[in-house]
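Here's the structure we're looking at; comments come further down.
The values are calculated or read from the model by the stated rules, or taken from the named source; none is laboratory data. Owing to the predicted nature of the structure, the values given are computational and were not obtained by experimental measurement. So basically every Cβ, Gly included, is an ideal-geometry build from the backbone, and we count neighbours across all protein chains shown.
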Number of protein chains: 4
Amino acid sequence: MSSVRGYFHPKTATGESSIVPAPPWHYSGDVLTVEYRTDPERVRELLPHPLELAAEDPGAVALVWADWQSCSASRDELLDPVRAQYKETLAVVRCSYRGQVYSRCVYIWVDKDFAVVRGFHQGYPKKLGSVHQTRPHPFGPAPRIEAGARFGATLAAADRRLAQAVVTLRQPSPTGGFVNAHPMAHHRWLPSIEKGKGLALDELVESGTASFEAGQAWAGDADLELFDSPTEELARLAVREPIAAYYRQVGVVWDGGRLLESNTSGAE
Amino acid sequence: MSSVRGYFHPKTATGESSIVPAPPWHYSGDVLTVEYRTDPERVRELLPHPLELAAEDPGAVALVWADWQSCSASRDELLDPVRAQYKETLAVVRCSYRGQVYSRCVYIWVDKDFAVVRGFHQGYPKKLGSVHQTRPHPFGPAPRIEAGARFGATLAAADRRLAQAVVTLRQPSPTGGFVNAHPMAHHRWLPSIEKGKGLALDELVESGTASFEAGQAWAGDADLELFDSPTEELARLAVREPIAAYYRQVGVVWDGGRLLESNTSGAE
Amino acid sequence: MSSVRGYFHPKTATGESSIVPAPPWHYSGDVLTVEYRTDPERVRELLPHPLELAAEDPGAVALVWADWQSCSASRDELLDPVRAQYKETLAVVRCSYRGQVYSRCVYIWVDKDFAVVRGFHQGYPKKLGSVHQTRPHPFGPAPRIEAGARFGATLAAADRRLAQAVVTLRQPSPTGGFVNAHPMAHHRWLPSIEKGKGLALDELVESGTASFEAGQAWAGDADLELFDSPTEELARLAVREPIAAYYRQVGVVWDGGRLLESNTSGAE
Amino acid sequence: MSSVRGYFHPKTATGESSIVPAPPWHYSGDVLTVEYRTDPERVRELLPHPLELAAEDPGAVALVWADWQSCSASRDELLDPVRAQYKETLAVVRCSYRGQVYSRCVYIWVDKDFAVVRGFHQGYPKKLGSVHQTRPHPFGPAPRIEAGARFGATLAAADRRLAQAVVTLRQPSPTGGFVNAHPMAHHRWLPSIEKGKGLALDELVESGTASFEAGQAWAGDADLELFDSPTEELARLAVREPIAAYYRQVGVVWDGGRLLESNTSGAE
């Protein structure tokens, strides 16, 4: 038992310094999704045992941009918005675990530290990046969410552009895509502090949204470009065939997940 | 006549490197305004001759946050949004010039270089800052634009917080405020390259919007705090009495202004 | 056993995307240390069981600024310096564990993601911050490392300044301070993915430098100011009495640590 | 005559808000220079009348990285180093004006606002960029300034990498290069606030260092890569033939320049 408090580090007498407060975490955001097919071998090589390729459309990839405002139950962060606003780009594939289909984030870049740390908790493999996406607006030159509207989206990390897309909306859609539509199956890994001792934490966890609301989704098409980098492998998920692109405004709550497997031998 | 091209520097054979293209400049944005009264002497000391205090309500100040997407006539920047999106905080007062009331920006911080340079052109005294304001959103914890909605707004420069406000909307309003509602009377000053030779450029210019569209304005009240800094004097415009706060979504075009006076003796 | 590779996330077929490569990690840097005494109760409240206050000078605190270039054994990062350079400010106290004195970092801010993640591994409670310190230079107005030289150091996070110091060097010193001079005793904590299930990882680890070289240390005195923030508690470690300040250029290698205790019941 | 004070904007009753104080400006820095030859036509097209190609070696280009600490005569900025430290990358060519050889900066990116504004004054066509260069250090893995030492240098703007170099030092050198070794011949241009009225300011100015001290220069060779961008034309200065690379630590004072020509008809 520890006498210090706080959901996350740094733990203190009050708990007020914790880089993220305890869930539930609430999100308002705009999600722009570009779905395409890559060589399924490029997906398979990112799935550690016991995860397997999804049976149907195994090479499907969703490259997702999201522009978020998030907060804890107190909603205090919204009124000091440097602590609430962040943007992210994530590459999502599907996989199969014990016969069930899951989504899985294989790469993700965000632009704030609290988002990096939430990623550690949820098993998102987060790095920092510079993320931008066109925002809809009711006046002036920015697009409305309507047929023909065009949205740009870009990602850079370590001063190199990694991806850019231009999405044109065509018509309302019943969904915002199918690749990122399942519960997430993620690993939480941490090496042992001792060299050669493997992993101190090796968990497969499931999580999803505790609640979800959304506006009308729109579908369209995308021009997507991926760029090489010496430290990133996003471009290995090369575009073989476009599927579609989607735009949707959402409200989401995250409130914990479920442990699927823990490989405790890894800690020894 | 120069053989190089471009509206602004760097000028090249093609003109494509110019940090800003030629006007018209188009803007979509959300504008949050906090109006209050300060000691009119604090306004007067910021008005160089021949500008004078406004006759009515001479101590009125508007501290304005704006979250913009801007572009040239081509709208190309909107699809590479790192080149279109920026945020700003500006302090605006009113003044009188030849019997006419003008608005005048006395301090302004922005977060992109193209915005700094447009400020040179328009006479806004721009510095870089870190600017944040809560964004309205139709889903999740972020506010809708409605009675009771609360928006936070913050400004920092050189790693110091300079201002923060929390605005609560109360009811629809016929206007978005009165302080920043006149044509702007700005100076464009540049020192001579030679020491002791005064100003090479000393112009008083007028400019305003070439076109303007906007949604329903909302009025409310604000908690506003200003903080000291060794290199900023915003806090000298201390709050003596609150007036009101406003929120409005706008679409704006800027397309040049008018020279009011040029002090050419300054260049000699 | 997982088929994916990489010391850290994201794990891939090649391992090349890992946000940090495997240790050893090599560092070149300049370290500016301000030591002072605070109320020992403010230190005690940050020490979870079984850590106890150090017997001698229990209220001693070191606030340390460091300006680093770091790399893996390949040294590749040094030639793409956006991936090697980072700065940090850390607050260090001492504690006692089983009768032995340890140093312990209680707060730390860095300005790059790879440094955040190394912190997860090493038990440093890292957040992102904006960190600056004057650099010595042999020419022009910047200080040499010599008697009378003055160095400024500042820390901000979330657009608020948290600490600033001006250090004046007085004379060579046999050490660079005593607070941050022991092996580190750190916790590695991660909450369970399942709500109400406590910690999935709860380790007390020891680590230190695998090798260390340094130039002549200098001692002097400091003007130190700490500032409040709604999300930080550094200012609770208020200055009761100054001790001294130090400047030193160092070369360091980190190559893993040792598990002191693992509270596995926390994971159940 | 204006009653407000300050060398630059914003002008106030005290002058303390000016984004840059009056010269002299003092600099300490490390300068890494990569010299090469491009097609002289690519240089000629960047030289407005009455500037002409230099007679000797007209296609010579210097791409210069510099890591600065700068301050005013008070040196206050050095103790609040966020206000003193900045980095820049600049492309310099030579030209001939009335039979005399000048250096001329044709592109430049910096990472602080005060440096952007000084550029307006001095005629440097500054944009913001992300600039990094390896720093020499006496300990650990970073290079010493010696034969065989390798320094990396990179430039990005708008989330795209524009240039990267790896420089290997070979031997001491009597100079730090010849391209950036003359007084600068720069234009100071500002469009009229009124559309279609040309330039309000159109000056050709000369400036150089008021005082200069430096350590031993080193020469070596470079691997240099330039990358395309939709808004930058640096890559048009393509490398046809390498010349050499240089490293030097310098102390510099800048204290104004001299007006060579003013095209006042441009203001009408």
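Just one of the listed residues (B:210, B:115, B:158, B:165) is in contact with a Leu (Cβ under 7 Å, 6 or more places away or on another chain) and either at pLDDT 95 or above or farther than 29 Å from residue D:231 by Cα (or both), and it is B:165. When segment A:59-93 is limited to residues that are of a type in the set (Ser, Thr, Tyr) and touching a Ser or Thr at 6+ places or on another chain (Cβ under 9 Å), the one that is surrounded by the most Cβ atoms within 10 Å (Cβ to Cβ) turns out to be A:89.
Can you find a residue in segment B:22-35 that is under 23 Å from residue D:124 (Cβ atoms) and at pLDDT 95 or above? Show your work before the answer.
Restricting attention to segment B:22-35, the residues satisfying the condition of being under 23 Å from residue D:124 (Cβ atoms) are B:22.
Subsequent filtering for residues that are at pLDDT 95 or above retains B:22.
Within segment B:22-35, one or more residues are under 23 Å from residue D:124 (Cβ atoms) and at pLDDT 95 or above.
The single residue among B:129, B:148, B:176 that is modelled with pLDDT of 95 or more and either among the basic types (Lys, Arg) or at positive phi (or both) turns out to be B:148.
Exactly one residue out of D:175, D:168 is closer than 26 Å to residue D:25 by Cβ and β-branched (Val, Ile, Thr): that is D:175. Residues in segment A:124-139 that are assigned to a strand (DSSP E or B) and within 14 Å of chain B (Cβ to nearest Cβ): A:130, A:131, A:132, A:133. How do the strands (runs of 3 or more DSSP E) wholly within segment A:157-268 filter down when requiring 1 or more residues that are within 14 Å of chain B (Cβ to nearest Cβ) and among the aliphatic types (A, V, I, L, M): which remain? In segment A:157-268, A:160-173, A:211-214, A:217-226, A:241-254 are the strands (runs of 3 or more DSSP E) which contain 1 or more residues that are within 14 Å of chain B (Cβ to nearest Cβ) and among the aliphatic types (A, V, I, L, M). Restricting segment B:110-119 to residues that are under 14 Å from residue D:118 (Cα atoms) and touching a strand residue (DSSP E or B) at 6+ places or on another chain (Cβ under 7 Å), the residue that is surrounded by the most Cβ atoms within 10 Å (Cβ to Cβ) is B:116.
Name the residues in segment D:36-72 that are free of Cβ contacts under 8 Å to residues at least 60 places away in the same chain and of a type in the set (S, T, N, Q), would you? Passing the criteria: D:69, D:70, D:72.
Restricting attention to segment B:122-131, the residues that are touching a residue at least 60 places away in the same chain (Cβ under 8 Å) and surrounded by 22 or more Cβ atoms within 10 Å (Cβ to Cβ) total 3.
Taking residue C:107, is it within 14 Å of chain D (Cβ to nearest Cβ), of a type in the set (Phe, Trp, Tyr) and surrounded by 21 or more Cβ atoms within 10 Å (Cβ to Cβ)? So that I can check it myself, show each step before the final result.
Working: within 14 Å of chain D (Cβ to nearest Cβ): no; of a type in the set (Phe, Trp, Tyr): yes; surrounded by 21 or more Cβ atoms within 10 Å (Cβ to Cβ): yes.
Considered against the rule, which asks whether it is within 14 Å of chain D (Cβ to nearest Cβ), of a type in the set (Phe, Trp, Tyr) and surrounded by 21 or more Cβ atoms within 10 Å (Cβ to Cβ), residue C:107 comes out as no.
Selection of segment C:181-223 for residues being among the basic types (Lys, Arg) and over 17 Å from the mean Cα position of the chain (by Cα) yields C:195, C:197.
Got at least one residue in segment D:2-23 being of a type in the set (D, E, K, R) and in contact (Cβ under 8 Å) with a residue 24 or more places away in the chain? The answer is no, given that none of the residues of segment D:2-23 is of a type in the set (D, E, K, R) and in contact (Cβ under 8 Å) with a residue 24 or more places away in the chain. Taking the criterion of being of a type in the set (Val, Ile, Thr), touching a residue at least 12 places away in the same chain (Cβ under 8 Å) and out of contact with any helix residue (DSSP H, G or I) (no Cβ under 8 Å at 6 or more places or on another chain), the residues of segment C:73-105 that qualify are C:89, C:92, C:101. Counting only residues that are acidic (Asp, Glu) and in contact (Cβ under 8 Å) with a residue 40 or more places away in the chain, which one in segment A:220-263 is surrounded by the fewest Cβ atoms within 10 Å (Cβ to Cβ)? Top of the filtered list is A:241.
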